1. Identify, from the list 127, 167, 110, the residue that is among the basic types (Lys, Arg), farther than 19 Å from residue 32 by Cβ and loosely packed, with under 11 Cβ neighbours inside 10 Å.
2. For segment 130-149: of the residues being among the basic types (Lys, Arg) and buried (at least 18 other Cβ atoms within 10 Å of the Cβ), which is farthest from residue 73 (Cα to Cα)?
3. What pairs come out if I take residues in segment 43-62 that are acidic (Asp, Glu) and pair them with residues that are part of a strand (DSSP E or B) whose C-beta lies under 6 Å away, six or more apart or interchain?
4. In segment 50-61, is there at least one residue being out of contact with any helix residue (DSSP H, G or I) (no Cβ under 9 Å at 6 or more places or on another chain) and at pLDDT below 90?
5. Please indicate, with yes or no, whether at least one residue in segment 26-34 is free of Cβ contacts under 8 Å to residues at least 60 places away in the same chain, in a loop (DSSP other than H, G, I, E, B), at positive phi and open to solvent by 70 Å² or more (accessible area, probe 1.4 Å).
Amino acid sequence: MRTKKLLAILAVSLVVSVPVFATDWHYLGKYPDQKSRDYVSFFEPASVERYGTSDASALVRSVWAKDLNAYWKKHGSDPDIIDAGAERVANLDYPEYFSLPAVIKKTPAKELQNLSIVAMGNEFIVKSGRVPSRVDIRWYIDCKQRRFANIATTVYLPGGKVGKVIKPNEPAYLAIESGTEMDYLRQFLCQLPM
């Protein structure tokens, strides 16, 4: 039964593994990769698929932090970026990431607003497709057993063209560690209505 369910998920991921611009990417944090190069991740709430009462998957987009930083240096004063952030601040609409208890606990209160504003700008930049994705991954989360698996990966070449698409025959599950990208994604997916 589990294999049939995972095959169905892989079939769905064929449709969503292509680049998706103008979608509502939500900030998911900044993390180092295996080579200690920072990347920034976003997940797409509209991509969330639910399987039964405790499993879900979502598309996560990662971009290089250096690409976002370069964009900010060149275009950070653009009115559309400022207006998009100012409107959200006026509506007290901060990224959900900064409402997670673990994030609040580790982020000094005086930095929370500034980090939120930068994250909102990053959401806008990624949503508009102005910074190319490094990789899109459809992550599968098992909420009950607190584990995750990669079920589809799209790797992009410089300039945004698809370099390769990887779909494992059998997803390899790993335990979700606290304070990681997968832990935050789990909190979003597993607390949403099933």
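The values are calculated or read from the model by the stated rules, or taken from the named source; none is laboratory data. Computed from a predicted structure; not experimentally measured. Using ideal geometry, Cβ is built from the backbone for each residue, glycine included, and neighbour counts are taken over all protein chains shown. Heavy atoms of the whole protein, side chains included, go into the accessibility calculation; ligands, DNA and RNA do not. Shrake-Rupley method; radii C 1.70, N 1.55, O 1.52, S 1.80 Å.
1. 110
2. This residue is 138.
3. 44/59; 49/57; 55/142
4. Filtering segment 50-61 for residues out of contact with any helix residue (DSSP H, G or I) (no Cβ under 9 Å at 6 or more places or on another chain) gives 53.
With at pLDDT below 90 added as a condition, the list becomes 53.
Yes.
5. There is no residue in segment 26-34 that is free of Cβ contacts under 8 Å to residues at least 60 places away in the same chain, in a loop (DSSP other than H, G, I, E, B), at positive phi and open to solvent by 70 Å² or more (accessible area, probe 1.4 Å).
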